Amino acid sequence: MDSINSDPPFEETYKNLFNKTKNIINDELIMVDGECELPLIDLSRLNEINDVANEECKSMIAKASQDWGFFQVVNHGISSDILKRLRYEQEKVFKEPFDKKRKEDKFLNLSSGSYRWGTPTATCIKQLSWSEAFHIPLTDILESSTGSNTHLSSIMEQFATTVSNLAQTLADILAEKLGHQSTYFKENCLPNTCYLRLNRYLPCPIDFRIHGLVPHTDSDFLTILYQDQVGGLQLVKDRKWVAVKPNPDALIINIGDLFQAWSNGVYKSVVHRVVTNPKVERFSVAYFLCPSNDTVIRSCKEPSVYRKFSFEEYRKQVRDDVQKLGTKIGLPRFLIN
């Protein structure tokens, strides 16, 4: 394998994994059944006086969440100016030296532990994520004081405020379409419980495919993703991997594990991944709608498919499985036999 001078130092850190897998192509990693366009929903129809258009839009959101677990939205209320400035500041912070990024609390005015890269628990190449990220609690963004990175803090705050409103709107619609006019999400998914994640997927010019982000489901209620046009996001549809075609005007929404449990399996938390590009880096920003740790998730209808559990219990189970097995098990752990 040719030497890769990467920042972060992937080759040096994971050289034992690379040596084990040298010249082996894992078909499971690279087989893709074409490219798809996710269901596209125009959210401006929610503001129409016409009740029929309004209800049609809500029904499309619910149907896409049942059939795909993923959809994309346009006219979502987040300005292109905010998105462009966020991308600019995101690229700038990832260009900082590795030693500076991993001391984020000292140099970048970000909370300690927010910078992550690679997969420390990986024991084989298919468990490795070739990417780096800042995983930031919203409370840090909304309460951040002036510091060394005020431009990034400012634009993250603007994005977080608008995307939080969008997440609550979508969650309320999904609950309504199940017959629940509920304040559950407003009461339990607060700014101090949600997260923003800045992702950078580095070019990976190796002779076999490595994931930018390993196959997984999201441990939240729903995720809102802003991505660039490089591509690489893939999801499982009808038991096959399909590549998601980027849309420059859209945000991507996907259902998380907690919503699948809350909806009693009606809405689907779908396995997805990011594949690397050999030459081009990729950027994305994800917002995670999460509850407080003590929030209890129980199915909204009976008979229940899943036993009730707290978010803290769920997170602990995921952490334990990743530590022991190298992979997340997720909701199957909470099925009622």
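Structure data summary
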item: Filtered residues of segment 189-213 (kept if in a strand (DSSP E or B) and either touching a helix residue (DSSP H, G or I) at 6+ places or on another chain (Cβ under 6 Å) or among the aliphatic types (A, V, I, L, M) (or both)); result: 196, 198, 200, 213
item: Some residue of segment 158-170 being in contact (Cβ under 8 Å) with a residue 12 or more places away in the chain, closer than 16 Å to residue 68 by Cα, within 18 Å of the chain's Cα centre (by Cα) and not in a loop (DSSP other than H, G, I, E, B); result: yes
item: Counted residues, segment 199-245 - those being of a type in the set (Lys, Arg) and more than 17 Å from the chain's Cα centre (by Cα); result: 4
item: Unmet criterion (only one of (1) charged (D, E, K, R); (2) farther than 21 Å from residue 282 by Cβ; (3) assigned to a loop (DSSP other than H, G, I, E, B)) for residue 96; result: (2)
item: Pairs, first among the β-branched types (Val, Ile, Thr) in segment 37-49, second not in a strand (DSSP E or B), C-beta under 8 Å, six or more apart; result: 41/57; 41/60; 41/61; 41/64
item: Which listed residue is surrounded by fewer than 12 Cβ atoms within 10 Å (Cβ to Cβ), modelled with pLDDT of 90 or more, of a type in the set (Ser, Thr, Tyr) and on the phi < 0 side of the Ramachandran plot, from 80, 59; result: 80
item: Within segment 168-192, considering residues that are of a type in the set (Gly, Ala, Ser) and more than 23 Å from residue 285 (Cα to Cα), the one surrounded by the fewest Cβ atoms within 10 Å (Cβ to Cβ); result: 179
item: Filter pass, residue 276 being at pLDDT below 95, polar (S, T, N, Q) and crowded, with 20+ Cβ neighbours inside 10 Å; result: yes
item: Hits in segment 62-86 (condition: over 30 Å from residue 323 (Cβ atoms) and either small (Gly, Ala, Ser) or in contact with an Asp or Glu (Cβ under 7 Å, 6 or more places away or on another chain) (or both)); result: 62, 64, 65, 74, 75, 77, 79, 80
item: Some residue of segment 168-183 being in contact with an Asp or Glu (Cβ under 6 Å, 6 or more places away or on another chain), of a type in the set (Val, Ile, Thr) and closer than 30 Å to residue 47 by Cβ; result: no
item: Long-range neighbours under 6 Å by Cβ, at least six apart or interchain, first residue modelled with pLDDT of 90 or more and surrounded by fewer than 20 Cβ atoms within 10 Å (Cβ to Cβ) within segment 193-213, second outside any loop (DSSP other than H, G, I, E, B) and not β-branched (Val, Ile, Thr); result: 197/133; 197/135; 197/286
item: Looking only at segment 101-157, and only at residues there that are outside any loop (DSSP other than H, G, I, E, B) and hydroxyl-bearing (Ser, Thr, Tyr), the one that is farthest from the chain's Cα centre (by Cα); result: 150
item: Some residue of segment 93-104 being of a type outside the set (Phe, Trp, Tyr) and more than 27 Å from residue 203 (Cα to Cα); result: no
item: Condition met for residue 237 (open to solvent by 20 Å² or more (accessible area, probe 1.4 Å) and within 23 Å of residue 224 (Cβ to Cβ)); result: yes
item: Filtered residue count, segment 291-326, keeping only those that are touching a helix residue (DSSP H, G or I) at 6+ places or on another chain (Cβ under 7 Å) and either among the charged types (D, E, K, R) or more than 13 Å from residue 262 (Cβ to Cβ) (or both); result: 6
item: Selection count where residues are without any contact (Cβ under 8 Å) to a residue 40 or more places away in the chain, assigned to a loop (DSSP other than H, G, I, E, B) and farther than 25 Å from residue 7 by Cβ, scope segment 214-246; result: 3
item: Condition check for residue 280: under 21 Å from the mean Cα position of the chain (by Cα), within 29 Å of residue 72 (Cα to Cα) and in a helix (DSSP H, G or I); result: no
item: Scope segment 247-269; condition part of a loop (DSSP other than H, G, I, E, B) and surrounded by 18 or more Cβ atoms within 10 Å (Cβ to Cβ); matching residues; result: 250, 256, 263, 266, 267, 268, 269
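The values are calculated or read from the model by the stated rules, or taken from the named source; none is laboratory data. On a predicted model such as this, the values are computed, not experimentally measured, just so you know. Neighbour counts run over all protein chains shown; Cβ positions are idealised from the backbone, glycine included. Accessible surface is based on the protein model in full, side chains and every heavy atom, while ligands, DNA and RNA are left aside. Shrake-Rupley method; radii C 1.70, N 1.55, O 1.52, S 1.80 Å.
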